[in-house]
1. Select from segment 271-308 the residues that are of a type in the set (S, T, N, Q) and open to solvent by 10 Å² or more (accessible area, probe 1.4 Å) and write down the one among them that is nearest to the ligand (Cβ to nearest atom).
2. So, in segment 96-126, exactly how many residues are open to solvent by less than 40 Å² (accessible area, probe 1.4 Å) and either part of a helix (DSSP H, G or I) or at positive phi (or both)?
3. Pull out all pairs, ordered by first then second residue, where Cβ-Cβ is under 7 Å, the residues are six or more apart or on different chains, the first lies in segment 116-127 and is of a type in the set (Ser, Thr, Tyr), and the second is assigned to a strand (DSSP E or B).
4. All but one of (1) open to solvent by less than 10 Å² (accessible area, probe 1.4 Å); (2) within 30 Å of Met48 (Cα to Cα) hold for Asp85, so report the exception by its number.
5. From the residues in segment 353-377 that are part of a helix (DSSP H, G or I) and within 16 Å of the ligand (Cβ to nearest atom), which one is nearest to Leu18 (Cα to Cα)?
6. Could you say whether any residue in segment 201-220 is hydroxyl-bearing (Ser, Thr, Tyr), assigned by TED's automatic domain parsing to the domain that holds Thr77 and in contact with a Lys or Arg (Cβ under 6 Å, 6 or more places away or on another chain)?
7. Which condition breaks for Ser311 when tested against (1) open to solvent by 20 Å² or more (accessible area, probe 1.4 Å); (2) modelled with pLDDT of 95 or more; (3) of a type in the set (S, T, N, Q)?
8. Kindly indicate which of Thr197, Thr186 is within 16 Å of the ligand (Cβ to nearest atom) and β-branched (Val, Ile, Thr).
Amino acid sequence: MKLEQAWRWYGPDDPVSLLDIKQAGASAVVTALHHIPPGQVWPQEEIMDRGKVVRESGLNWSIVESVAVHEDIKTRTGSYQLYLDNYKQTLENLGICGITTVCYNFMPVLDWTRTHLNFQMKSGSLALRFDRNALIAFDCFVLKRPDAHMDFNEDQLAQAEQYFKQLGPKARIDLQRSILMGLPGTVEDFSLDDFSTSLQAYRGISEATFREHFYAFLKEVIPTAEKAGVKMAVHPDDPPMPIFGLPRIVSNEKDLEQLLEVVDSPYNGITFCTGSLGAGADNDVTAMIKKFSNKIHFVHLRNIIKEPNGSFYESDHLTGDVDMFNIIRALLEEQQQRIDEGRLDSRITMRPDHGHQMLDDLRKQTYPGYSAIGRLRGLGELRGLELGIEKSFFS
Ligand code: DNO
């Protein structure tokens, strides 16, 4: 059996339509009610309506990406108890409407972060890039975060300064926009001031404390998820390293091991994102996918090329530091195992994550990382690789 091929759809305003998605050959979409702010309950009628639209196009919707976790829950301040109750109510409503998996993250302030949204490949297509020097430069010389300098060594600061000096005014504005604009799926577009204020909420929240907050969230939410029949799948930190002095707790093998142990339940699982985890200097993604295979509820497939200082860019899906052959092989093995166990939920859902902006899409306004043609290329390549692996090892 093939993995289920899904596609991220941002809802009715997405320039990539459900019909486009069908032409890409995906059989499922993952989507969310993006217009509902974090902390609010998703009403059953709205979930049903969205499901109807998806089904009428002949596509399946069983995974939500994402139900965002309100910042008050992460900092355990303000109205966090109310937002937790609302989160649980949303899970119950989703379960009633037939959604079986929820992808979410526990990253402070920002969801995924990149410094360059138009990084030119040799072919002329555009990729997303995270440049460590650029991030440090923004942190120290644009945002001027108090104490930012303390987080870096002299070498890093000197390189960041040199990087910043050669940026013209437009490049400086672009850098700020790339970091602070809400990337697709994120909740907010930040101004510099708002961003500084949001960071301040984390002053005094150490990594250990933040971990406690996350585990408290899991202890509160997973029992509800179990009753609702909704599997929770945490997305790893992207990038999987500290940024802006914020705590990071879902970045590596140990983090995953710990969060799965804290609440040992089939409903407490992972969104295995090969690109996010792959960017971690010490992460052996192939070993990790094997180790955590039975807790993987959803898979994001993409590739990256790492640089020694922590920078990386998003490469073609099959070429890069992630060994896609062995990743897909491990997923098919896990799926087979689930079939052998007679599990009703044996089928694993993957989606091609991000793609280069290319061909006709270069002339269009697209969501960074989520243009149609680059993802179509990615899905096509992944599908071919999967077929080859399936024929060679599973039939
Ligand atoms: C980026 C996505 C993330 C992901 C969230 C899950 O491309 O993978 O925005 O959806 O982190 O909550």
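The values are calculated or read from the model by the stated rules, or taken from the named source; none is laboratory data. Computed from a prediction, not measured in an experiment: that's the story for all the values here. Neighbour counts run over all protein chains shown; Cβ positions are idealised from the backbone, glycine included. When the accessible area is computed, the model is the full protein with side chains, heavy atoms only, and any ligands, DNA or RNA have been set aside. Shrake-Rupley method; radii C 1.70, N 1.55, O 1.52, S 1.80 Å.
1. Filtering segment 271-308 down to residues of a type in the set (S, T, N, Q) leaves 271, 274, 276, 283, 286, 293-294, 303.
With the extra rule that they be open to solvent by 10 Å² or more (accessible area, probe 1.4 Å), the set shrinks to 283, 286, 293-294.
Working: Asn283: 16, Thr286: 20, Ser293: 20, Asn294: 21 Å.
The residue in question is Asn283.
2. Final tally of qualifying residues: 2.
3. The qualifying pairs are Ser125/Gln357.
4. (1)
5. Ala372
6. no
7. Unmet for Ser311, out of (1) open to solvent by 20 Å² or more (accessible area, probe 1.4 Å); (2) modelled with pLDDT of 95 or more; (3) of a type in the set (S, T, N, Q): (1).
8. Just a single option satisfies the conditions, and that option is Thr186.
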